[in-house]
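K.L.:
After the C-alpha cells below, expect a handful of questions from me.
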Amino acid sequence: MPKIVDHDRYRKELLNQCLALFAAQGYGSITMRQIAQGLGVSTGTLYHYFPSKESILEQLVQDLCEQGITDFFAQAPPAERVGDRLRIVIEFFLAHYRFYQQQLLLWVDFHQHSQRKGTERQAFLQRFWQRTHAQLVAYLQLPNPAHVDFVLVFMDGLLLQCLYERGEAEADWVTQQTELLIALLDSA
C-alpha cells in the first residue's frame, strides 16, 4: 500500500526548518541545494514544494506573520488602560525575543540581497508591516495610529540593543525603556 503524504503538513514542516537555516547561514548566501541539504531532502523535492528561494521566504514571512498574530491574540488578556496593553505587547515580544531577532535579521538580509540584485521583491515585507501595524492599532487603541509606528520602531530598537548585548539580560533596563515609552505616549 502506498504511503499517504499530507503535502500541506510536509510543506509547513520544511518551511518551519527554513527559518533556522536562513538565520544561521544568511538568506543571501544560501542556495536551494544547501537548503535541501540542510532539510535532509533532495533538491527535486524542495523544488516540488517551493519554486525558488524567494518563494520560500515569502511563504515563511506570511506564515510567521499569521503565527505571531494568532499566538499573541490567543494569549493577550484584555486590558482597559493603554499602558497595560502596551506592557502586554512588550512582554509577549520579549518572551519570544529570539524568534523576533531571527526574523529581523532575515528581513535585513533579504532586503540587502534584493537591493544588490536590483529587484523589487520587497512588497511582501511591506504587506507584513502593514498587517502587523493594523493589528497593533486595533489592539493598542492609541489615540493616534502613527504612535503604533513608534512602538514598532521601539521594538526593533530593543532587538538591536540585544544584539549589542544589552536588553535581554538586563530586564531592569528593558522595563525602564518600556516605562519611558508609555510615559511618552501618555503625554502625547
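K.L.:
Quick one: angle between helix 82-95 and the longest Cα principal axis of the chain, in degrees between 0 and 90, rounded to 10, please.
P.N.:
Approximately 40 degrees, to the nearest 10.
K.L.:
Any chance you could give the angle, 0 to 90 degrees and rounded to 10, that helix 171-187 forms with the longest Cα principal axis of the chain?
P.N.:
Roughly 60 degrees between the two axes.
K.L.:
Another question, then. Over the chain, what relative contact order in percent results from Cα pairs under 8 Å that are six or more residues apart? Don't jump to the answer; show the numbers that get you there.
P.N.:
Working: 100 pairs, mean separation 43.1, N = 188.
Averaging sequence separation for qualifying contacts and normalising by length gives 23 percent for the chain.
K.L.:
Taking only DSSP H segments of four or more residues, each worth -39500 (n - 2.57), what value at 222 nm results for the chain once the sum is divided by all its residues, to the nearest 500 deg cm²/dmol?
P.N.:
It comes out at -25500 deg cm²/dmol, rounded to the nearest 500.
K.L.:
Something else about it: Place a +1 charge on the Cβ of each Lys and Arg in segment 53-187 and a -1 charge on the Cβ of each Asp and Glu, then give the dipole magnitude about the Cα centre in debye, rounded to the nearest 20.
P.N.:
Working: 11 positive and 18 negative charges, 89 e Å.
So the magnitude is around 420 debye.
Each reported figure results from applying straightforward, stated rules to the coordinates on display, with no laboratory input. Just so we're clear, the structure is a prediction, and the values are computed from it rather than from any experiment. All Cβ positions, glycine included, derive from the backbone under ideal geometry; neighbour counts span all protein chains shown.
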